[in-house]
Amino acid sequence: MQNKGFVKVFAVLLTLACIFYLSFSFVTRYQMNKAEKDPRGAAHYLDSMQNQKVWLGVYTLKQCREMEIGLGLDLKGGMNVILEVSVPDVVKALADNKPDAAFNKAVEEAAKQQVTSQEDFITLFVREYKKQAPDGTLAELFATQQLKDKVNTRSTDAEVERVLRQEVQAAIDNSYNVLRTRIDRFGVVQPNIQALEGTMGRIMVELPGIKEPERVRNLLQGSANLEFWETYEAKDIVPVLVSADERARLLLGSTTDSVKVDSAAVEKEKASAAISSKDSLAAVLKGETVDNSAANVEQYKKDHPLLSVFQPNQSGMGSIVGYADYKDTAAVNAILNMPGVKEIMPRDLKLMWGVKASDMDKTGRIFELYAIRSTERNGRAPLEGDVITDARDSYDQFNKPCVTMSMNNDGSRRWAALTKKNIGKEIAIVLDGYVYSAPNVRNEITGGNSEITGNFTPEVTKDLANVLKSGKMPAPARIVQEDIVGPSLGQQSINQGLVSFIVALIALMAYLCVMYGFIPGMVANGALIFNFFFTLGILTSFQAALTLSGIAGMVLSLAMAVDANVLIYERTKEELRFGKTMKDAVSAGYSGAFSAIFDSNLTSIITGVILFYFGTGPIRGFATTLIIGILCSFFTAVFMTRLVYEHYMKKDKWQHLTFSTGVSKNLFQNVHYNFMGIIKRSFTIWGVLLLICIVSFFTRGLSQSIDFTGGRNFVVQFDRVVQPETVRDLLDAKVGDANVQAIALGTDGKRIRVMTNYRIEENDPKVDSEIESLLYTSLKEGNLVPEGVTLEHFVDRDTQDGCSIISSQKVGPSVADDMKTSAVWAVVLALIAIGLYILIRFNNIAYSIGATVALAVDAVLVIGAYSLFYGIMPFSLDVDQTFIGAVLTIIGYSINDKVVIFDRVREFSHLYPTRERAKMFNDALNTTLARTLNTGQSTLIVLLIIIILGGDSIRSFSFAMILGVVIGTFSSLFVAAPVAYLLLGNKMPAQVGEGEVKKA
């Protein structure tokens, strides 16, 4: 083998890289175990250690937790939502909501067309507007005040379209930034937020471990609220806060009403308390600790309920009135919101926290409290974000980072008045109730153009510019898809995934040893273990979340990795039968199998890429894992195992290997089946099967999930056996004309999946809670909910006792239509892409058409089986994204057989150019038959283990894959090869008679 040195170096480097990235998971687990043993509680330990360096002297615990391998929502529990920024609403706002009939009609029609079109909204809108107003120009609509510097009455349609795209993207980016900031405040470990590619305006948010879905819905769907507020000087408010501490002590009963408090003593105590508090929190700011006895600390908290958790700003300068540890901010808020405390504060005072930790704090724990002055009668800010026309990060005249901001005419006028009034004071920039910056006003600012400077970094100015732009275009995002999984269900999925993976790995290892002998089997098993190790390490380096679908993808990639070993070993056995020495046979086995392995792996990767592009959420996780697994299996099976064999054979060891055992020695060896002699018969059988499936499509149809129909899906755990029909009837009476379905999950009859499209088109955030309440009420009236189970208990995904929702899903109509369109395109493009690759690789359209026809037959029969058997099988056969993922995986897997067969036909055509074509095809099929069946058997072993042990969530996927492996194996023999044979211009060969043995 050439390039041995490169393979060795690459293997070592890849191993070290994987060890490095996987080490964060072990470090995190070690620290979590220590946290659980901490007598003061796990939360206290993690809070104190999160910014401490715990690994390699470089990485803090917080960084380690961010870099460990994450668990997806189906394993950890949590909430996954896809939010959509309404692009039509943004376009209307850019046109100042003009009442122009042609404009509004164009927007309406474009929105309808977008549901089924692959083009974006802007393209559809421009085309529709030209149809509605042939003589109109886009400039007439969009030459508005807010676009005054970008669009004028002389702008061409192309220029306006370009501006529209920029502005819509800016609105989406603004929503993304607002959502990211809001999510950061949840304190979720490893949240994931990303704009979905290929879908204008959609943003996916994953929040592992979330326990308050209603709060999340409200927070994520609210409009961005950017405000500019006047501020107080700290010296005016700090004395008030010290008095608030004394008032809180009296209200909380630390002193009795009969105690007469001397005013001078109180003032003295206030001062000492402030100093003591300052010393304590200042120590935290410096990264130091203060050693106080528990008794003293407890007494101090009683005497100073506010100042024990809050450090006033003793300098009295600026609008920051004090500091608090992030875990104490809730306690500070509670004290300051006590009615008795609020009454001693100025009526126009608002207290707001900074959005991020103080710059003085090295640990990232201390937050600043700002004193805001409310000067408007209606209590609103004197200036809001809708007046901003642009904001960007830049550099000032001294080449220091700054932010430039411009406003419209109304904003310029009000901004000039506000800055004139507050020269020498700070104006707070507030988004969603949190202060992002409080720049000092140097002079009156006229003209609407401002420059904000300070001790900024480029990252800070970029974030501040994004905050300012968030108020420019109010574009609230609405939830169009939602999945919630309870943590207990997640733990169950972890257990099932791990068990299925371990059992499948052991079964594969045993299978290889049984079929090819102990030494060859263990070499292949070593490749499997390295494959798993590399796949997991690379996934961790990408900071990808491991999902149950991802585990399925990993298991499947291991099964497909066996294919490479089987190809090599079967080819080596052939070479040994030709009389070659062991060393030459192994070398020829690797060389002869390389092209087939390369082609089959590449075609599988093609389907994986298509799956990743068109899928979302778990499907992308599956595709990512599958692609990485295939790449790793190619490296480990083709290169690493060869290094092992060459190492030992160079020392004249392993010369006795036969790559067979008593079980496999004569299995499918020297067979001479006449496959070409039964073409008519096999085509008839396949035709009948296809006809049955097509008839079923038109008569029974498919059980489409809410992925394709839109709706809500609830999995409810009951405390006793419940009939699905009972649940459906109870809900039918409540939802009018809406559809309701109920099916049993599992075999115990206690878990029911309820699906309905009731009120799915409504966008009000409260609707989701109302539907959950309706479900609870309906089941309660049917006596299916035990006494004592409240609505709060029922909707809590953390609980599975009594009766409760353990997971839920919501898919809006627009997303469902997009998913359906994407599913069709994904399957069609996969067939076309593989057909083109086979055409290029084999340079003959006969092979390309033969493979494509066989793959299409595979897909139709698998989908047809779902039409025939839904409602009959003891598990769900809904057609959803996961099922489409299975169909694409089947296409990628099934093509492997076709490639191997065609590769052998091509090889024989070069070796035996005068041989009869029918015999050549038969020989190719017979010599690869052992590989075809052995690979199918090993994959079936894995899939059967997954379907038995893997859990309900991937049982449908496994069933589809089992069908695909069986059908794909036979279609390679009886569809792909015969079709390619006939398309090569050959006449129909003589067919064997009835009752004859099918031998050549």
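For the subset of region 961-1000 comprising residues that are farther than 25 Å from Ala930 by Cβ and modelled with pLDDT of 90 or more, which member is surrounded by the fewest Cβ atoms within 10 Å (Cβ to Cβ)?
Residue satisfying both the conditions and the ranking: Leu983.
Going through region 121-147 one residue at a time, which ones are in contact with a helix residue (DSSP H, G or I) (Cβ under 9 Å, 6 or more places away or on another chain) and in a loop (DSSP other than H, G, I, E, B)?
Of everything in region 121-147, those that are in contact with a helix residue (DSSP H, G or I) (Cβ under 9 Å, 6 or more places away or on another chain) and in a loop (DSSP other than H, G, I, E, B) turn out to be Ala133, Gly136, Thr137, Ala143, Thr144.
Which pairs do you get when a residue that is among the β-branched types (Val, Ile, Thr), found in region 359-386, comes within reach of a residue that is assigned to a strand (DSSP E or B) and surrounded by fewer than 17 Cβ atoms within 10 Å (Cβ to Cβ), reach meaning Cβ atoms under 6 angstrom, with the pair 6+ apart or on two chains?
none
Sort out for me the helices (runs of 4 or more DSSP H) sitting completely within region 769-874 that have 2 or more residues that are closer than 30 Å to Val695 by Cβ. Explain how you work it out, then say what you get.
Values: elements: 791-795, 813-842, 845-869.
Filter on region 769-874 gives 813-842, 845-869.
Please determine, by comparing only the residues of region 933-960 that are of a type in the set (Val, Ile, Thr) and crowded, with 24+ Cβ neighbours inside 10 Å, which one is farthest from Tyr511 (Cα to Cα). Outline the logic, then answer.
Here is the first cut: in region 933-960, the residues of a type in the set (Val, Ile, Thr) are 935, 939, 941-942, 945-948, 954.
The next check asks that each one be crowded, with 24+ Cβ neighbours inside 10 Å; those that pass are 935, 939, 942, 946, 954.
Numbers: Thr935: 11, Thr939: 11, Val942: 11, Ile946: 16, Ile954: 24 Å.
In this case the residue turns out to be Ile954.
Restricting attention to region 847-872, report how many residues are farther than 30 Å from Ala742 by Cβ, under 31 Å from the mean Cα position of the chain (by Cα) and surrounded by fewer than 24 Cβ atoms within 10 Å (Cβ to Cβ). Before the answer, list the steps.
Quick first cut of region 847-872, residues farther than 30 Å from Ala742 by Cβ only: 847-858.
Checking which are under 31 Å from the mean Cα position of the chain (by Cα) leaves us with 855-856, 858.
From the residues that got through so far, the ones that are surrounded by fewer than 24 Cβ atoms within 10 Å (Cβ to Cβ) too are 856.
Qualifying residue count, region 847-872: 1.
Name the single residue, out of those in region 875-885 being hydrophobic (A, V, I, L, M, F, W, C) and assigned to a loop (DSSP other than H, G, I, E, B), that is nearest to the chain's Cα centre (by Cα). So that I can check it myself, show each step before the final result.
Going residue by residue through region 875-885, those that are hydrophobic (A, V, I, L, M, F, W, C) are 875, 877, 879, 883-884.
Restricting the remaining residues to those that are assigned to a loop (DSSP other than H, G, I, E, B) gives 875, 877.
Working: Phe875: 26, Leu877: 24 Å.
The extreme case among them is Leu877.
Does any residue of region 898-918 turn out to be farther than 28 Å from Ile845 by Cα, at pLDDT below 90 and either touching a helix residue (DSSP H, G or I) at 6+ places or on another chain (Cβ under 9 Å) or in a loop (DSSP other than H, G, I, E, B) (or both)? Write out each step before concluding.
Start the filter on region 898-918 by keeping residues that are farther than 28 Å from Ile845 by Cα, which leaves none.
Taking every residue of region 898-918 in turn, none turns out to be farther than 28 Å from Ile845 by Cα, at pLDDT below 90 and either touching a helix residue (DSSP H, G or I) at 6+ places or on another chain (Cβ under 9 Å) or in a loop (DSSP other than H, G, I, E, B) (or both).
Of all the helices (runs of 4 or more DSSP H) wholly in region 1-89, which have at least 2 residues that are outside the structural domain of Ile806 (by TED's automatic domain parsing) and at pLDDT 90 or above? Spell out how you get there, then give the answer.
On the way: elements: 4-37, 42-49, 61-67, 73-76.
The qualifying helices (runs of 4 or more DSSP H) are 4-37.
Which is more than 28 Å from the chain's Cα centre (by Cα), surrounded by 17 or more Cβ atoms within 10 Å (Cβ to Cβ) and of a type in the set (Ser, Thr, Tyr), of Ser778, Ser808?
Working: Ser808 fails: more than 28 Å from the chain's Cα centre (by Cα).
When all the criteria are applied, what remains is Ser778.
Within region 726-736, identify whether any single residue is among the basic types (Lys, Arg) and outside any helix (DSSP H, G or I), and answer yes or no. Steps first, please.
To start, the set of residues in region 726-736 that are among the basic types (Lys, Arg) comprises 728, 734.
From what's left, outside any helix (DSSP H, G or I): none.
No, there is no match, as no residue in region 726-736 is among the basic types (Lys, Arg) and outside any helix (DSSP H, G or I).
Residues that are over 22 Å from Thr329 (Cα atoms) and at pLDDT below 80: list the strands (runs of 3 or more DSSP E) wholly contained in region 165-236 that include at least 1 such residues. I'd like the intermediate steps shown before the answer.
Values: elements: 192-195, 202-208, 226-231.
Where strands (runs of 3 or more DSSP E) fall fully within region 165-236 and carry at least 1 residues being over 22 Å from Thr329 (Cα atoms) and at pLDDT below 80, they are 192-195, 202-208.
State yes or no: is Val638 buried (at least 20 other Cβ atoms within 10 Å of the Cβ) and either over 30 Å from Arg917 (Cα atoms) or not assigned by TED's automatic domain parsing to the domain that holds Ser867 (or both)?
Details: buried (at least 20 other Cβ atoms within 10 Å of the Cβ): yes; either over 30 Å from Arg917 (Cα atoms) or not assigned by TED's automatic domain parsing to the domain that holds Ser867 (or both): yes.
The answer is yes for Val638.
When the residues of region 395-448 are filtered to those that are acidic (Asp, Glu) and over 29 Å from Ala357 (Cα atoms), which remaining residue is nearest to the chain's Cα centre (by Cα)?
Applying the first criterion (acidic (Asp, Glu)) to region 395-448 yields 396, 410, 426, 432, 444.
When the remaining residues are screened for being over 29 Å from Ala357 (Cα atoms), the result is 410, 444.
Numbers: Asp410: 42, Glu444: 48 Å.
The extreme case among them is Asp410.
For Lys472, which of the numbered conditions (1) buried (at least 21 other Cβ atoms within 10 Å of the Cβ); (2) under 33 Å from the mean Cα position of the chain (by Cα); (3) of a type outside the set (Phe, Trp, Tyr); (4) modelled with pLDDT of 85 or more fails to hold?
(4)
Find the residue count for region 815-831, including only residues that are surrounded by fewer than 16 Cβ atoms within 10 Å (Cβ to Cβ) and in contact (Cβ under 8 Å) with a residue 12 or more places away in the chain.
Taking region 815-831 first, the residues surrounded by fewer than 16 Cβ atoms within 10 Å (Cβ to Cβ) are 824-825, 828.
If we keep only those that are in contact (Cβ under 8 Å) with a residue 12 or more places away in the chain too, we end up with 825.
Total satisfying the criteria: 1.
Residue check, Trp654 against (1) assigned by TED's automatic domain parsing to the domain that holds Ser971; (2) surrounded by fewer than 13 Cβ atoms within 10 Å (Cβ to Cβ), all met but one. Which one?
Against the list (1) assigned by TED's automatic domain parsing to the domain that holds Ser971; (2) surrounded by fewer than 13 Cβ atoms within 10 Å (Cβ to Cβ), Trp654 comes up short only on (2).
Residue under question is Glu772, and the condition is that it be outside the structural domain of Pro213 (by TED's automatic domain parsing), touching a helix residue (DSSP H, G or I) at 6+ places or on another chain (Cβ under 7 Å), acidic (Asp, Glu) and modelled with pLDDT under 85; does it hold? Step through it out loud before you land on a result.
Numbers: outside the structural domain of Pro213 (by TED's automatic domain parsing): yes; touching a helix residue (DSSP H, G or I) at 6+ places or on another chain (Cβ under 7 Å): yes; acidic (Asp, Glu): yes; modelled with pLDDT under 85: no.
No; evaluated as a whole, the condition is false for this residue.
Under the condition of being part of a strand (DSSP E or B) and among the acidic types (Asp, Glu), which residue from region 364-385 is surrounded by the fewest Cβ atoms within 10 Å (Cβ to Cβ)? So that I can check it myself, show each step before the final result.
Initially, region 364-385 is screened for residues part of a strand (DSSP E or B), giving 366-373, 383-384.
Now restrict to residues that are among the acidic types (Asp, Glu): 368, 384.
Working: Glu368: 24, Glu384: 17.
Among those that are part of a strand (DSSP E or B) and among the acidic types (Asp, Glu), it is Glu384.
The values are calculated or read from the model by the stated rules, or taken from the named source; none is laboratory data. Since this is a predicted model, take the numbers as computed values, not measurements. Here Cβ is always computed from backbone atoms with ideal geometry, including for glycine, and neighbour counts include all displayed protein chains.
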